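Here's the structure we're looking at; comments come further down.
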Amino acid sequence: MQYRGFPKIPNKSISVLGLGMMRLPVVGGEGSKIDEDAAEQVFLTAVEGGINYIDTAYPYHGGHSEGFTGKVIQKHKRRDSLYLATKSPIWLVQEARDWDRYLNEQLERLRTDHVDFYLFHAMNQERWEKLLRLGGLEWAERARREGRIRHIGFSFHDRYEVFKTIVDGYEGWEFCQIQLNYLDTEYQAGLAGLHYAAQRNIGVIIMEGLRGGALARLPAEAAACFERTGQSRSAVEWGFRFLFDMPEVVTVLSGMGTVEQVKENCRVAEEARPLILSEEEKKAYAAAAQAIRARMPVPCTSCGYCRPCPQNVAINEIFGIYNSAVAFEQPGEALWYKKAYVDAGTGADACVACGACLPKCPQGIDIITQLQNAHQYLMKALTGDKG
Ligand code: SF4
Ligand code: SF4
């Protein structure tokens, strides 16, 4: 295993591969029922492979991830040799005293008296404003003085401009966590965000490095781009090497569900060094990304200019799910669409075709028609009807 450091936290060596506790093995396909015996083996294989950064969050596995993480760390007496990261569920925070309430609950779940890396979870414009309004930063600094958290950061899901606002809005950020992979270099914070944070000495943790596992199962035309290099690597290895090559990246989180995955990913993390990709390999990444994008039905860049929609339709998120479902032939995306958007009233079926979004789209997308297409495709996929 290789180790890197956060620019503002030079005394801590972090494994370049971190264990995400959000995709642990489960019983009967139910996300909230962690298969504790299998998950324990995943954990042990990871720490024996040199992983020392463990990332969980309040809502993972239906709220059971933190509890399992605390239990398994305590059982194997690993607390002192691991860095534990978890996140403040800012969407649940209603008033200033809730910051403490949730941290106390998390410390109890995690069976520890401190969290090493504490993040404000899934920050966006709205949550940033809430954080400021409810004094979250002052509270976090106090919690750090008290030793209950050691380092303050945030994870991020919004546009690059919002990322810059958050980075510039607080000098005390020690680290941040962004989504990045070779397909999403211009999505959300993207590569620009990685460099922006690094220039300000904010260490960057990567999530969704394999896009939720999609980049582990490449369409044939994308796989062919990598095969042409003559390198015999799995799709997973190609995905990780893209990220390990960047010296600005401190650690790449991976939600590993099996012992075999942990061993293989640790091997890649051991071998990959920063700045070793050849020009030919870099071209292969660009070509593979292009091949995947060519399969996507909507050329949406997720810029968000079409928002807000008066009906709160989650336009770009829906196109993202639709594109992923088609490009990677992932019917599982449909369930997420139904649960997170249709059931919440922000699905494509909430569009009333007012047309307010149409002139705002720089890609000239016929948003109304494509929303209908997306809804039809995803709802059919949900019922297994491919027609
Ligand atoms: S056309 Fe549909 S998606 Fe666009 S702004 Fe109107 S309701 Fe929202
Ligand atoms: S404006 Fe167009 S490209 Fe941008 S998020 Fe909306 S649909 Fe996508």
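The values are calculated or read from the model by the stated rules, or taken from the named source; none is laboratory data. Since we're looking at a predicted model, the values are computed, not measured. All Cβ positions, even for glycine, are placed from backbone atoms using ideal geometry, and neighbour counts span all protein chains on display. Note: areas computed on protein heavy atoms with side chains; ligands, DNA, RNA excluded. Shrake-Rupley method; radii C 1.70, N 1.55, O 1.52, S 1.80 Å.
Scanning the stretch 7-23 for residues being of a type outside the set (Lys, Arg), touching a residue at least 24 places away in the same chain (Cβ under 8 Å) and open to solvent by 10 Å² or more (accessible area, probe 1.4 Å) gives a total of 3. For the stretch 69-97, the set of residues classified as in contact with a Leu (Cβ under 7 Å, 6 or more places away or on another chain), more than 23 Å from ASN11 (Cβ to Cβ) and assigned to a helix (DSSP H, G or I) consists of THR69, GLY70, ILE90, listed by residue number. Looking only at the stretch 289-326, residues that are within 21 Å of the chain's Cα centre (by Cα) and either within 12 Å of ligand 1 (Cβ to nearest atom) or in a helix (DSSP H, G or I) (or both) come to 16 in all.
In the condition set (1) under 27 Å from ARG23 (Cβ atoms); (2) part of a helix (DSSP H, G or I); (3) open to solvent by 30 Å² or more (accessible area, probe 1.4 Å), GLU329 is compliant with all but (2). Considering the stretch 339-358, the residues that are open to solvent by 60 Å² or more (accessible area, probe 1.4 Å) and assigned to a helix (DSSP H, G or I) include one that is farthest from ligand 1 (Cβ to nearest atom), namely LYS339. When ALA334, ALA269 are checked against the criterion of being open to solvent by less than 20 Å² (accessible area, probe 1.4 Å), assigned by TED's automatic domain parsing to the domain that holds SER13 and within 30 Å of ILE34 (Cβ to Cβ), ALA269 stands alone in meeting it.
Can GLU329 be described as more than 10 Å from ligand 1 (Cβ to nearest atom), in contact with a Ser or Thr (Cβ under 6 Å, 6 or more places away or on another chain) and touching a residue at least 12 places away in the same chain (Cβ under 8 Å)? Reasoning before the result, please.
Values: more than 10 Å from ligand 1 (Cβ to nearest atom): yes; in contact with a Ser or Thr (Cβ under 6 Å, 6 or more places away or on another chain): no; touching a residue at least 12 places away in the same chain (Cβ under 8 Å): yes.
Considered against the rule, which asks whether it is more than 10 Å from ligand 1 (Cβ to nearest atom), in contact with a Ser or Thr (Cβ under 6 Å, 6 or more places away or on another chain) and touching a residue at least 12 places away in the same chain (Cβ under 8 Å), GLU329 comes out as no.
Of GLU66, GLU40, GLU48, GLU30, all but one fail to be in the same structural domain as VAL250 (by TED's automatic domain parsing) and either under 18 Å from ILE149 (Cα atoms) or among the hydroxyl-bearing types (Ser, Thr, Tyr) (or both); the exception is GLU66.
Filtering the stretch 359-387 to residues that are within 19 Å of SER324 (Cβ to Cβ), part of a loop (DSSP other than H, G, I, E, B) and of a type in the set (A, V, I, L, M, F, W, C) leaves only ILE365.
Of the residues screened, ARG79 is not one that is in contact with a strand residue (DSSP E or B) (Cβ under 8 Å, 6 or more places away or on another chain), surrounded by fewer than 20 Cβ atoms within 10 Å (Cβ to Cβ) and over 28 Å from LEU191 (Cβ atoms). If you go through the stretch 196-217 and keep only what is open to solvent by 10 Å² or more (accessible area, probe 1.4 Å), at pLDDT below 95 and out of contact with any strand residue (DSSP E or B) (no Cβ under 6 Å at 6 or more places or on another chain), you end up with LEU210, ARG211, GLY212, GLY213, ALA216, ARG217.
Among the residues of the stretch 239-288, those identified as part of a loop (DSSP other than H, G, I, E, B), farther than 30 Å from TYR322 by Cβ and either in contact (Cβ under 8 Å) with a residue 24 or more places away in the chain or touching a helix residue (DSSP H, G or I) at 6+ places or on another chain (Cβ under 6 Å) (or both) are ASP245, PRO247, GLU248, ALA272, ARG273, PRO274, LEU275, ILE276, LEU277. Annotation: LYS338 fulfils all but one of (1) away from ligand 2 (no atom under 16 Å from the Cβ); (2) under 25 Å from the mean Cα position of the chain (by Cα); (3) of a type outside the set (Gly, Ala, Ser); (4) within 17 Å of VAL298 (Cβ to Cβ); the unmet one is (4).
In the stretch 359-379, what residues are in contact (Cβ under 8 Å) with a residue 40 or more places away in the chain and either on the phi > 0 side of the Ramachandran plot or open to solvent by 60 Å² or more (accessible area, probe 1.4 Å) (or both)? If the condition is that a residue be in contact (Cβ under 8 Å) with a residue 40 or more places away in the chain and either on the phi > 0 side of the Ramachandran plot or open to solvent by 60 Å² or more (accessible area, probe 1.4 Å) (or both), then LYS360, PRO362, GLN363, TYR377 are the ones that fit.
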